[in-house]
1. Hey, got the dipole for the range 159-317? About the Cα centre, +1 on K and R Cβ, -1 on D and E Cβ, debye to the nearest 20?
2. Provide, as a two-decimal number, the C-alpha radius of gyration of the range 195-265 over 2.2 N^0.38 Å, N being how many residues it has.
3. What is the Cα centroid distance between the range 203-240 and the range 98-147, reported in whole angstrom?
4. Can you tell me the order of 63-76, 293-306 when each peptide is scored by its average per-residue count of other Cβ atoms within 10 angstrom, highest first?
5. What does the convex hull of the Cα atoms come to per residue for the range 83-216, in Å³?
6. What are the semi-axes of the equivalent ellipsoid of the range 47-100, taken as the square roots of 5 times the eigenvalues of the Cα gyration tensor, listed largest first and rounded to whole Å?
7. Looking at the range 201-233, which GluC sites (Glu not before Pro) are in a loop (DSSP not H, G, I, E or B) and have at most 12 other Cβ atoms within 10 Å?
8. With just the Cα atoms defining each centre, how far is the range 165-179 from the range 62-92? Give it in Å.
Amino acid sequence: MRAATRYFAILGICAASAGALAQNTLRLDGDGNWVPANPEPDPTSDEGVMNRARKQLAENRPRGALALLDSWIKRNAAQDKPETAEALLRRGDAKLALKDEYEALYDYERVIKEYPGSPQFVTALERELEIGLMYLNGLRKKSWGLRIDNATRIGEELLIRVQERAPGSQLAQRAAIELANYYYRVRDLRMAAEAYDIFLANFPTSEYRELAMERRVFANIGRYKGPRYDASGLIEAQYLVRDFAQRYPKSAEQIGMNDALIARLDESAADQMFETASWYLKRNDPVSARYTFKRLLQKHPDTVAADETKLIFERNKWELPPPPAKKKSLDEEEEPANDAPSASSHADGKLKVGGDKPEAPVPPAAADKPGPASQPAPDKPAPEKPQ
């Protein structure tokens, strides 16, 4: 609510500043006298009505502006006048100033859909973005005069629409990072990881690239719920950690995104494979169990689970697979070949914007402990097929 009140106040200040600037602009006439650069139009003309509405908004009289614009729009509904986009935008501003932001969205939508080439198009998008952020920050939608309806879904939709309607713009960049930060803040880690992926794909040179890469790593780690659940997020996280450490070595060292974190991720992924192989053994499927154990030894040879697996091979007199090549540490890694973000498939990337830099991320719990996830995986993973 505080954010909404602050925005309404800023909106009034901006309108007042614009009105004062227009009124105080002077020019020299032919006789060398100072005269208003933009003389007042006839108050009954279309431009005069728009000026009166802007003045009332600047003077914090939104009810008068709303009544004036309502009357003008009804009289000219059948005519396609150039002032219609301005009238719709200002009527939306009047409703917004009256804290009826949801009704204001109807006017902003008409400007966006019916007048995409007008100067008011971008302003209407900005208004929708701010309303979306207010909803995501806790403002509830009015119902029967009371703010009781949760409007976060509306806020998400508004931020996605901004990105679709102004792709590649600073406005779209801000909407994209704000939406990803919202998912991260409310611990919807699956959506956060996807949103950061899309942001990095759409804005590879953004000033928020480092923040997005960092939070994408923690979002993938936090999705892991334990050895009995899917560990694909941990596999991807290991590659993302290496990529981040190569691009931002100083930041990686400060936040602990180093070889120690990769080792913990490796241990957790090995635990998941060991749990899967043990499940096969309990169900008298030694072929699948042996295959999974072999893959564990090849992919995670330096883990505690690998040591336990070797004891199982000795006890069952199975032949151990050849040792894999030693993995390189972060210090031995080569520089990345290109600037492409992670390989997650988001071909339908709708999301794409800036604003104030969000707060520093809070790393989730260690990867070897169960973490939150938006949708739990099945209790038992499907067996991996031999290649």
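FYI, it's all coordinate maths here, none of it is from the lab. Here the structure is a predicted model, which is why all the values come from computation and not from measurement. With ideal geometry, Cβ positions are generated from the backbone for all residues, glycine too; neighbour counts draw on all protein chains shown.
1. Values: 25 positive and 22 negative charges, 84 e Å.
My answer is approximately 400 debye.
2. Working: Rg = 12.3 Å, N = 71, 2.2 N^0.38 = 11.1 Å.
It is 1.11.
3. Measuring centre to centre over Cα atoms gives 33 Å.
4. On the way: 63-76: 16.4, 293-306: 19.4.
With the highest mean Cβ count within 10 Å placed first, the list reads 293-306, 63-76.
5. Working: hull volume 13.5 nm³, N = 134.
It is 101 Å³ per residue.
6. Details: eigenvalues 66, 25, 15 Å².
Working from the Cα gyration tensor, I get semi-axes of 18, 11, 9 Å.
7. Working: sites: Glu207, Glu210, Glu214; in loops: Glu207.
Counting only loop positions with at most 12 other Cβ atoms within 10 Å, the GluC sites (Glu not before Pro) in the range 201-233 are Glu207.
8. 29
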